[in-house]
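Data block below; observations after.
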Amino acid sequence: IYGRGAVDMKSGDTAMIAAALNVLSLNEKPKKPISFCFTADEENGGIGARALAEEDCVKNADVLLIAEPSDEYIGVAEKGALWLKLIVSGRLAHSSKPAEGINAIENAIAFRNRLSARIDQNSEDKYLGRTTLAITKLQGGVSENMIPDQAEMVLDIRTLKNIKHADILESAEKIIKELETEIPGLLITLEVLNNRPALGINDDHDLVKTAGKIRARLGIESGCKGIFFYTDASLIIPRGEKPFLIIGPGDDALAHKRDEHVTAGSVARMAEFYTEYLMETCY
């Protein structure tokens, strides 16, 4: 099945709907309530997930299964995402006399380097690797022969659970004060564009074991993995710290790309997995 959204997120939605139809066909009331939840705006501000997090069906849930693409593996960890937008104001000057100006681009890069040095990027998680920091946007400059007085930079920081975003933001504010003190006339403003914590569940949790047993019965290759992108779980789980898994059809490496595609078999297998999980735990 080819098309934009085939993997992310129509395949997971379809598998959920198929599982719902399967359990409805039983004409039997489950012993535990089951909710199938769908949200909008997951890629941006997460309006749907923020609203859903306040609903009783989520607040009272024992377990959450997130149907994001995991290539059918059991997703037990999800990286956090912290996006920072930096606006730097300096002073124009002729590039033949750079000392008479304040180079906004160079100071944006100086901020990035100092912040990077204060974030632990050496600790490693067996599923998620290391915390990373990347410049995803940098623009400024007026002319080839002028020192730029304005610059805008966006940093995309992907974190492990050992990194607290509040600590990164505190470091960022300290660096801004340092640079502004060192260079009179420099002005830096910081905006948080996205702030989603890292999440994880122990791979020996009963939920993971149950999922593994069901997958084995269905002949699905077992195994856990980490999810490097953020999901709605980042806005729902922190409210209640519930056990969760990210498990769904399709290879997440194909999401947002040309020729995005998923096999019908993957959707069918995950629909069967969700159905079996519900039969085992709710009936």
Q) What tally of residues in region 160-185 results from selecting those that are surrounded by 14 or more Cβ atoms within 10 Å (Cβ to Cβ) and under 19 Å from the mean Cα position of the chain (by Cα)? A) 6
Q. When residues of region 149-195 are filtered for being among the charged types (D, E, K, R) and at pLDDT below 95, how many remain?
A. 1
Q: Quickly run through region 108-158 and pick out the residues that are of a type in the set (Ser, Thr, Tyr) and either outside any helix (DSSP H, G or I) or open to solvent by 60 Å² or more (accessible area, probe 1.4 Å) (or both).
A: Ser123, Tyr127, Thr131, Thr132, Thr136, Ser143
Q) Within the set of pairs 6+ apart or on separate chains, which have a first residue in region 178-198 that is free of Cβ contacts under 8 Å to residues at least 24 places away in the same chain and over 19 Å from Ile157 (Cβ atoms), a second that is open to solvent by 50 Å² or more (accessible area, probe 1.4 Å) and aliphatic (A, V, I, L, M), and C-beta atoms under 7 Å apart? A) Glu180/Leu187
Q: Output the qualifying pairs, or none if there are none: Cβ atoms under 6 angstrom, residues six or more apart or on different chains, first residue in region 28-57 and within 27 Å of Met279 (Cα to Cα), second residue modelled with pLDDT under 95 and open to solvent by 80 Å² or more (accessible area, probe 1.4 Å).
A: Ala53/Arg239
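The values are calculated or read from the model by the stated rules, or taken from the named source; none is laboratory data. This is a predicted model, so every value here is computed, not measured. A quick note on method: Cβ atoms are made from the backbone with ideal geometry, for glycine too, and the neighbour counts reach across all protein chains shown. These area figures cover heavy atoms from the full protein model, side chains too; ligands, DNA and RNA do not enter into them. Shrake-Rupley method; radii C 1.70, N 1.55, O 1.52, S 1.80 Å.
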